[in-house]
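Working notes, beginning with the structure itself.
The values are calculated or read from the model by the stated rules, or taken from the named source; none is laboratory data. All values derive from a computational prediction rather than experimental measurement. Methodologically, a virtual Cβ is constructed for each residue, glycine included, from the backbone with ideal geometry; neighbour enumeration extends over all protein chains shown. Protein only, heavy atoms only, side chains kept; ligands, DNA and RNA dropped before computing areas. Shrake-Rupley method; radii C 1.70, N 1.55, O 1.52, S 1.80 Å.
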Amino acid sequence: MSRQNRFVRGYAVSKADVDVVVVGAGFAGLYLLRELRANGFSSRVLEAGGDVGGTWYWNRYPGARCDISTTDYTYTWDPELHEQWTWSEKHATQPEILKYAQFVATKHDLYSSIDFDTKVTSAAWNESAQHWNVETSTGESISARHYVMATGCLSIPKDPDIPGTDRYRGPVYVTGRWPHEGVDLTGKRVAVIGTGSSSIQSIPHIAAQAAELVVFQRTPNFSMPAFNGPQPSDRVARLKADRKAYETEARLSGAGVPMELPTVSALGVSRDEAFAMLERSWQKGELLALGATFSDVGTNREANEVICDFMRSKIKEVVNDPGTAELLSPRGHSYGTKRPCMDTNYFQTFNLPHVRLVDLRKTPISTITETGIEFGDESKEFDVIVYATGFDAMTGAIVNVDITGKNGLTLKKKWEHGPLTYLGLTSVGFPNLYMITGPGSPSVLSNMMVSIEQHVEWIRDTLIDLREGGFDTIEPTPMAEEGWRVHCTDCADITLFQDTNSWYMGANVPGKPRVLFPYIGGVGRYRQTCDEVRARGFLGFELVGSGKKQRNDGIVRRVQPDVDMVLEMMGQLGLPPIESMSPAEARAFSEASSAMRPPGPEVGEMIDGTLPGAGGPLEYRLYRPATKGPHPVVVYFHGGGWVFGSHVSDDPLCRELCKNADVVIVSVNYRHAPEDRFPAAADDGYAALQWVVANAASLGGDPTRVVVAGWSAGGNVAAVTAQLARDNGGPALKGQLLLTPVTDGSRQHGSHHENADGYILTKSLMEWFWNHYADPSDRSHPKASPLLARDLSGLPPAMVVTAQFDPLRDEGDAYARALMGAGVPVEHLEARGHIHTSITMVDALPSGKPPRARMAAALRRFLH
Ligand code: NA7
């Protein structure tokens, strides 16, 4: 069997010219070519440019540099390179990076397999032959079993979209297509349009030559000094000490550069302390350092504002004219939601007498003319116009080539409303098509070198697996692709990205769909996911070979991303299972964990007191909103399996519900097992409700508007209390809010097995709770298992919240259904990707916010 048709196991597929066509000879294409060769795959690399280097071939504008330190922005796959190549600076210039690419290509004899000045004009999947037909600008037609787009994320400059661009008769330069021979701007009147990264790097250089420079700014950007110089000594020392360990840390990190993980909230320290910490990060001159100072700047707007304020104070320090400083100060977006920049004397350049800043928001460009630019009521002549207006990022280069998959579907059409990929690597309907750093992968939110190497290695290993398994094609399943889209959206939803008009969101290109194009879950997590997909037999893929088919349908990430992180952290702590503890130890453990939580929002007032329970006095905590009363009242029962917890143990949740639903909450410390077993908790619940209603006026509450609520075992107490109130002639309730409640101790439900382990509340812990609380013979009593009550009609309207990965899910679902069946109005919220404990983690897990908002809305509906 020839090398070309090694996938063809003597059946109907025809022989392809090569195993793999790769588009692009940047860092991705070069490494892939090397790996394909090393593993016996025939390949061709097609490159539109005249040399290797990709981004670094095209972006030659003055001052172009990489923002990631050369300790990290460098290949790791060839250890000899570390001896043979020495980077001269911390942040390499474009010419030096280009030389590096050329050096590697020469060293590994890669030039001979690359066709330069060759554009792919179309690529179409040939279903009967099971290969790709690739047409090129040189008139060639190549068939390939596999087709890889290694085209880069920022390759297609976007149309500047300004009236009159065609009219201008002088020289026009685009930063992303700067002439190779350079441009002499000495003595020229220059206009630069755009203030993104390219502009911020080039403006000081352009200003140094130009006689006059006018910078047209639509949106100011955050930028910090690069403090260029030698490579960072701490990183160099770590690399020298243990290069492998350093590289592994980079691969498992958030953004592909080893960083210490922040643990401090920007709101948890004083302003002065926060600024002092930011100053230390600033002095490092590393792109990722500022954002990694605090734990919550990516998810909490208020925390993010601390960095924004710090950055604005820095601008004020260096820009002499206060008006210009203010114009240069970003106000409308959170730090990091537009690409933060690094510069050398960018802001200082605006102190030069021949440099002027024009605010396009106040004085928009009406048109470019034959000789200059008209803006506001001015018309100004320029010798040169520079467009630094950015790129059609992430998808531009991919859909720019006419790619047609199965049934004539083009990728452009498929992605009309946003890119759909599985892992950012593959797409349904396009067998054997791969994208390197495609949309839905960490790509531009990471150190590209780390992401490129990971993708190349995944593709290489996949091709080897296919060959060894005798498979010709690989294609993701619709379920896997949709699951990945949902996961990417879940990740994006907990960040601040979606509120900013950035190229990350496609907002810079008119008509482009508005989604977060890169994957924000981090390179480490992403790598683990890709590895897991392969390890689980290509989960989410269909593989087809001669006479055989392997379809392993499924979704690789189903838990909410922040919940997943908590589970991973808990796993790393290796804590003993609670059910191995005594009740006293479990209580101490629960209290210690509670002490580490964020406290929840401020409320008007919190008062502790006691009320008469069924067997003696019970402690309670009252939460009162800051608004004017009397307020409706929620009698709340905490979680803790009837064994631990107290009237203060669900403090953050109670505070948030108090504030957001504008209600008084009375949280009750009902008696606990094993000291006080069934039905003590239930009887206390009902006694507490009676007392609260009788004393509502003195508590500042309205006795005619009362709801019971509870979480977990507290949800059980709340549900039982509602039944007791119905059966004993009052008090009348306006509603019941049951969060992941225990409703049936008489038998096992499917979710007890499905989610038995791995999601904090386990099947065996639940059994431990029940054993402490109630004898098996008591568990069928409706006061223990409200689901088993003979009649559920006449109960107050309910909101039942169940979590997808909770052992208790199915009993909560069953209770919601049973209530509905009995004619009770029910809102049933099935919290996707959540676990038993995640929804209550106020200010710790952003993904819990939407379900809690629904809970507060339900209380308002019941009570206001
Ligand atoms: P960017 O970051 O997309 O910056 C483009 C800039 O051009 C940005 O300030 C835009 O303002 C501005 N722009 C775009 N279109 C217009 C029009 N029509 N009128 C006025 N101003 C406009 O591209 P860069 O090349 O600087 O950087 C790209 C990436 O390369 C960079 O982030 C690194 O990853 C490397 P806007 O913000 O849209 O208001």
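Distant-in-sequence amide contacts of S143, defined by a placed amide H-H separation under 5 Å and a gap of 5 or more residues or a different chain, comprise D17, V18, V134. Ordering G600, F347, H487 by the projection of their Cα atoms onto the charge dipole of the chain, which places +1 on the Cβ of Lys and Arg and -1 on the Cβ of Asp and Glu, puts H487 at the extreme positive end. Relative to the longest principal axis of the Cα atoms of the chain, the long axis of helix 583-594 makes an angle of roughly 40 degrees. For the peptides 79-86, 250-257, 787-794, 198-205, the ranking by mean Cβ contacts within 10 Å, running from highest to lowest, is 198-205, 250-257, 787-794, 79-86. Here's how it looks for R218: its modeled amide H is under 5 Å from those of G194, T195, L360, which are all 5 or more places away or on a different chain.
As a rough guide to protection, the peptides 218-231, 608-621, 418-431 ranked by mean Cβ packing within 10 Å, highest first, stand as 418-431, 218-231, 608-621. Accessible area per residue for the chain, computed on protein heavy atoms with a 1.4 Å probe, is 38 Å². When the charge dipole of region 71-157 is built from unit charges on Cβ atoms (+1 for Lys and Arg, -1 for Asp and Glu) and taken about the Cα centre, the candidate among I156, Q94, T138 whose Cα reaches farthest toward its positive end is I156.
Summing +1 for each Lys or Arg and -1 for each Asp or Glu among the other residues whose beta-carbon sits under 14 angstrom from that of P851 gives -2.
Relative to the longest principal axis of the Cα atoms of the chain, the long axis of helix 523-535 lies at roughly 80 degrees.
Our Cα-only numbers for region 272-403 put the radius of gyration and Dmax at 18.5, 55 Å.
Counting only Cβ charges, +1 for Lys and Arg and -1 for Asp and Glu, the dipole size of the chain around its Cα centre is about 1000 debye.
About its Cα centre, region 488-600 has a charge dipole of approximately 600 debye under the convention of +1 per Lys or Arg Cβ and -1 per Asp or Glu Cβ, with nothing else charged. Any chance you could look up the accessible area of E602 with a 1.4 Å probe, heavy atoms only, rounded to 10 Å²? We get 140 Å² for E602. When H108, H647, H781 are compared by accessible surface with a 1.4 Å probe, the order from highest to lowest is H781, H108, H647.
For D296, D778, the ranking by accessible surface with the largest value first comes to D778, D296, using a 1.4 Å probe.
May I ask for the distance between the Cα centers of region 238-275 and region 17-80, given as a whole number of Å? Here the answer is 28 Å between Cα centres.
For T410, the residues 5 or more places off, or on other chains, whose built amide H falls under 5 Å of its own are G405. Net charge dipole, region 555-598: roughly 120 debye, given to the nearest 20, about the Cα centre with Cβ charges of +1 for Lys and Arg and -1 for Asp and Glu. For region 796-802, putting each phi into the Karplus relation 6.51 cos²θ - 1.76 cosθ + 1.60 with θ = phi - 60° gives couplings of x, x, 10, 10, 10, 10, 10 Hz, in residue order, rounded to whole numbers and with x for Gly and Pro. The angle separating the long axis of helix 713-727 from the principal Cα axis of greatest extent in the chain is about 40 degrees. Ranking I436, H455, I403 by how far each Cα lies toward the positive end of the dipole of region 401-474 (charges on Cβ) leaves I403 at the top. The alpha carbon centroids of region 357-384 and region 138-202 are separated by 21 Å. Annotation: the antiparallel percentage among DSSP beta bridges lying fully within the chain is about 40. In the assembled protein chains, W125 presents an accessible area of approximately 20 Å² (probe radius 1.4 Å).
Ranked by the mean number of other Cβ atoms within 10 Å per residue, highest first, peptides 206-215, 180-189, 347-356 order as 206-215, 347-356, 180-189.
Out of every Cα-Cα pair that the chain contains, those further apart than 36 angstrom amount to 56 percent. Couplings for region 852-864, taken from phi via the Karplus curve 6.51 cos²θ - 1.76 cosθ + 1.60 with θ = phi - 60°, read 5, 5, 5, 5, 5, 5, 5, 4, 4, 5, 5, 10, 9 Hz in order; Gly and Pro are left as x. Of the residues K380, K99, ranked by 1.4 Å probe accessible area with the largest first, the sequence reads K99, K380. By accessible area, using a 1.4 Å probe on protein heavy atoms only, region 780-852 has 53% of its surface on carbon and sulfur. Region 310-345 and region 544-583 have Cα centres lying 42 Å from one another. Accessible area of H487 (1.4 Å probe, protein heavy atoms only, ligands and nucleic acids ignored): about 10 Å². Here the 3J(HN,Hα) profile of region 417-428, calculated from phi with Karplus coefficients 6.51, -1.76 and 1.60 at θ = phi - 60°, is 9, x, x, 10, 9, 9, 6, x, 10, 9, 8, 4 Hz, Gly and Pro shown as x.
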